[in-house]
1. Go through (1) at negative phi; (2) over 38 Å from the mean Cα position of the chain (by Cα); (3) at pLDDT below 95 and name the single condition GLY491 misses.
2. Any idea which residue in segment 115-133 is nearest to VAL177 (Cα to Cα), counting only those that are open to solvent by 40 Å² or more (accessible area, probe 1.4 Å) and outside any helix (DSSP H, G or I)?
3. Say we look at segment 175-200 and pick out the residues that are assigned to a helix (DSSP H, G or I) and not charged (D, E, K, R); which of these is surrounded by the most Cβ atoms within 10 Å (Cβ to Cβ)?
4. Which residues, taken from segment 111-132, are out of contact with any Ser or Thr (no Cβ under 7 Å at 6 or more places or on another chain) and more than 15 Å from PHE149 (Cα to Cα)?
5. Consider GLN816 carefully, then state whether it is at pLDDT below 90 and either over 14 Å from the mean Cα position of the chain (by Cα) or open to solvent by 60 Å² or more (accessible area, probe 1.4 Å) (or both).
6. Restricting attention to segment 605-638, and to residues there that are out of contact with any Ser or Thr (no Cβ under 9 Å at 6 or more places or on another chain) and aliphatic (A, V, I, L, M), which single residue is surrounded by the fewest Cβ atoms within 10 Å (Cβ to Cβ)?
7. Somewhere in segment 868-878, is a residue open to solvent by 20 Å² or more (accessible area, probe 1.4 Å) and either in contact with a Pro (Cβ under 6 Å, 6 or more places away or on another chain) or closer than 30 Å to GLY281 by Cβ (or both)?
8. State which residue pairs qualify: first residue more than 24 Å from MET917 (Cα to Cα) and inside segment 707-728, second residue open to solvent by less than 30 Å² (accessible area, probe 1.4 Å) in any location, beta carbons under 7 Å apart, and separation of 6 or more residues or different chains.
Amino acid sequence: MFGGTLAFGTPWVLTGLLALPALWWILRLLPPRPRLIRFPNLLLLRDLLPNEQTPSRLPLWLLLLRMVFAALLILAASQPTLNPRDPLPGAGPIIMVVDNGWASAPNWSDRMAKIDALLNRPGIDDREVLLVTSAAPANGDPIDILGPFTATQARERLAGLRPQPWRDDLPVAIDRVSDWITAQSNMATPTIYWLSDGLARTMPAERAALRLIANLGDVIMVRAGDNSLPVVIRPPSDNALDDPINDGDSNMLAVTLERVIDDVALPVRVQTLGSDDRLLGDQTVIMETGIKDMRLELDVPTELRSDIRQVRIINANHAASRVLLDDRFVRRPVGLIAGGDDRSAQPLLDQLHYLRQAFEPFAEVRGGTLENLIQQPLSVLVMADIGTLTPDSIDRLDTWIRDGGLLIRFAGPQLANASGGDSLLPVRIRQGDRALGGALSWTEPVKLAPFADNSPFAGLTIPDDVTIERQILAEPELDLNERSWARLADGTPLVTAEARGKGYLVLFHTTASPSWSNLALSGLFVEMLHRLMPLSAGVAPGQSAENEAPANLAPIRSVDGFGTLTEPGPIVQPLHLASFEDTEIDPHHPPGIYGREATRRALNLSARLPELTPLDTVPSGMRLESLSISPQTALFPWLLFAALMIGLVDWMLAQWMSGGLSGRMDEISNRWRPTRAAGIGIALVLSAVATHGAQAQALTLDEERAMKVTSGTYLGYVLTGDRRVDEISHAGLDGLAGILRRRTAAEVEGAIGVDIDRDDLALFPLLYWPITEVQADLGSETVERLNQYMRHGGMIVFDTRDKLEGGLEQGGPGVQRLRELTRNLDMPPLQPINPQHVMTRSFYLLQIFPGRYAGGEVWVERTDERRNDGVSSVMIGAHDWAAAWAVGPDNRPMLPVVPGGERQRELAYRFGVNMVMYALTGNYKADQVHVPYILERLGQ
């Protein structure tokens, strides 16, 4: 602060300082106020002196105090400003060339703040402003210069500007500037601001463009510091799976981290994600000083490596910070073979028919004889009712399993009657089979037991109608429990497995057709096989033919300028598979995933970037200006506050010296009470004025918000940073507030967005928190604030909004992100809402709690009624409640609800009413649980 510059808004007022000497002499001549002393009047006559006395003068310290008071008032009137913004140089138009390619994203907010500061410099209102971006617009329009605008219009245009996930084209942008300047006549020299992304321009066309712009006017290059330059992650090579690493594990993938500056050690956090954005690995590495790029082996468990789909750098926030992996890196060909009679003419009786239907959505299915399949590169081999195998086949299959293959076997008559079995079974089996139903059976078909937590099938929902009529039995062994992945309700194993080397051997103790059970007819059959796929090793590129791959690959998901996966835009076009490697990343082909689920191709920006080089020298003909902003501070309110506080002290001292503060206690009280109230009131008002003025550069409405919130009841929602999600949250809670006002006695005023890092959480009875991917991790201070809020009666409603993607039951992407956000929070033990919970009757009688999506459970704290009045501090669901409550300006629902229509929306509103009444009133209705027992006792 003390090293900045100082300017005065009205410097002529400083001439008042010349009057301070005259004020000095005037104050010296003025005596202090006469002091009142109570004494008998005869004493006055006795001590009366006839000669003239010199009046007493002001003490020196009081004189200096008043001089300081006058000087502060003069300085305040001159309107001084610390670190004032200098006027823009020149007199011609202001042209802003903004780099908004992928490399500009890491410091995008700083770049926008710098532009806003430039557009608020003195003299900007008299200048024309023109804008040109160096990256092609996302709508496919060509790069062009925009304007001229006023400063206000330019700020409005820049509000919607975003970084693009492709390289910029600076030569084209500079050509547009040159063409515009050439077309003007009698124009003053323009001032050109080039907001560089900090990367060197090494191409001949780029160097020529920089020489051209240097001759067009007064050019100022704005560049950020080296610590904000991007770190990129480059994908594995196409033959990554063929390159063994030191430990010989050829299934481990490795990516490359590269940075621009290597003069300091840099920690980099990398996450590996699987299908459905499931977190597979999280590791932090240190790029030591002098290391510009490093190879990073992905630390992922062996059984999950085949499921790797993304690798990203946490908090990098640009398009080259995320690498997408496709079928070139992980392939899962599945071979199918069945024993018994050939029933291909009767597909509904053929085991291979049900296996093909189950595997084809997510694997490459191959058929043939066992000898032919063994010779092919396979990830999974499925043998349905294969009885006896030759010793040579057993040895070859055992070697294949130990190298990472997955062998899945299904029972049947041949396997049941095979004498002695073979070594390719995870357990020893009894000869013959066990019938559980039929005309001659004493028992009924048996249902499946819930899957254990250590089973790959854990979390799958078992339909009630799935039953097993016949199975083969395993011989009792000490480790049979450990090898059992699925059991029947009577405890007998249904699926057993054994790990061999790098692979697995799995046995289903029933058939793959409906002959022994109806498992093959259920969706559970497909889900169980899908869960087994990650246990297999992928096949390297080139080992799987692509004769059936589509010629054109349609876009599936795209990466935006901040490195976030989004839905493809309207102008995104399919990729031609034949020319995939030569495809240029642009608005028509942004980075992302193209193709279909069976044949996918990842278009990664980092794979097409040249070596990163910093722009460490200022091009000839330009001046350098930092991207950082020195905030200007108006000193007027501080000086005025100091002057008036000194004046208040002077007045109190004058009262004390004159005896105005002495005397009897009641006179002191009567005399001081109004002055004390006035002094305190003045001090508070001046303090508020000073604080308001001193923070003029970062104006907040905290006091106004606090007064607004405390004057009524408001529902709070957490600001996520995703504008669309925040708008839906506001509209949803506003709509719910309207329902509460119309149907209940609760006077809920509306909804207010809450910044959990800054705002006072205690002002809100509950917080609605929609989970999004863009939310930053919680800091330690924020974690403590949230813990305090929950401990002292606050209620947080977490909504993962991912019911259609798995929700709480299957760990959808929202659930994964919720686990990351709350890993440091003091979360209480949770349980699903049971039929006796107060939430089911706090206003309406409810047993389901739908939102935009129906189904699934809602989890609350397993709390004690004596703590926080029995109100749960946490509620978790995946139903997207705010979307169901949201209404537009016309009071109509903004979004549809599925699948229940308007009846489901009404139930969603009733759940919202119950939730708010529960948060506001606690468990006062919990005594209704005891009503039957009370009535019973009264009857006795």
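1. Condition not satisfied by GLY491: (1).
2. Looking only at segment 115-133, we keep the residues that are open to solvent by 40 Å² or more (accessible area, probe 1.4 Å), and these are 116, 120, 122-123, 125-126, 128.
Checking which are outside any helix (DSSP H, G or I) leaves us with 120, 122-123, 128.
On the way: ASN120: 23, PRO122: 24, GLY123: 22, GLU128: 14 Å.
Among those that are open to solvent by 40 Å² or more (accessible area, probe 1.4 Å) and outside any helix (DSSP H, G or I), it is GLU128.
3. At the first step, the residues of segment 175-200 found to be assigned to a helix (DSSP H, G or I) are 175-183.
Adding the requirement that they be not charged (D, E, K, R) leaves 177-178, 180-183.
Working: VAL177: 23, SER178: 16, TRP180: 20, ILE181: 20, THR182: 9, ALA183: 8.
My answer is VAL177.
4. If the condition is that a residue be out of contact with any Ser or Thr (no Cβ under 7 Å at 6 or more places or on another chain) and more than 15 Å from PHE149 (Cα to Cα), then MET112, ALA113, LYS114, ALA117, ARG121, PRO122 are the ones that fit.
5. Values: at pLDDT below 90: yes; either over 14 Å from the mean Cα position of the chain (by Cα) or open to solvent by 60 Å² or more (accessible area, probe 1.4 Å) (or both): no.
No, not satisfied.
6. Ranking the qualifying residues of segment 605-638, first place goes to LEU624.
7. The initial filter retains those residues of segment 868-878 that are open to solvent by 20 Å² or more (accessible area, probe 1.4 Å), namely 868-869.
Remaining after also requiring either in contact with a Pro (Cβ under 6 Å, 6 or more places away or on another chain) or closer than 30 Å to GLY281 by Cβ (or both): none.
So far as segment 868-878 goes, no, none of its residues is open to solvent by 20 Å² or more (accessible area, probe 1.4 Å) and either in contact with a Pro (Cβ under 6 Å, 6 or more places away or on another chain) or closer than 30 Å to GLY281 by Cβ (or both).
8. That search, which allows pairs on different chains as well, returns THR720/ASP726; THR720/PRO770; THR720/THR772; THR720/GLN775; GLY721/GLN775; ASP722/THR772; VAL725/PRO770; VAL725/THR772.
The values are calculated or read from the model by the stated rules, or taken from the named source; none is laboratory data. Keep in mind that what you see is a predicted model, and the values were worked out from it rather than measured. As a convention, Cβ positions derive from the backbone with ideal geometry for all residues, glycine included, and neighbour counts pool all protein chains shown. To get the accessible areas, we keep the full protein, side chains included, count just its heavy atoms, and leave off ligands, DNA and RNA. Shrake-Rupley method; radii C 1.70, N 1.55, O 1.52, S 1.80 Å.
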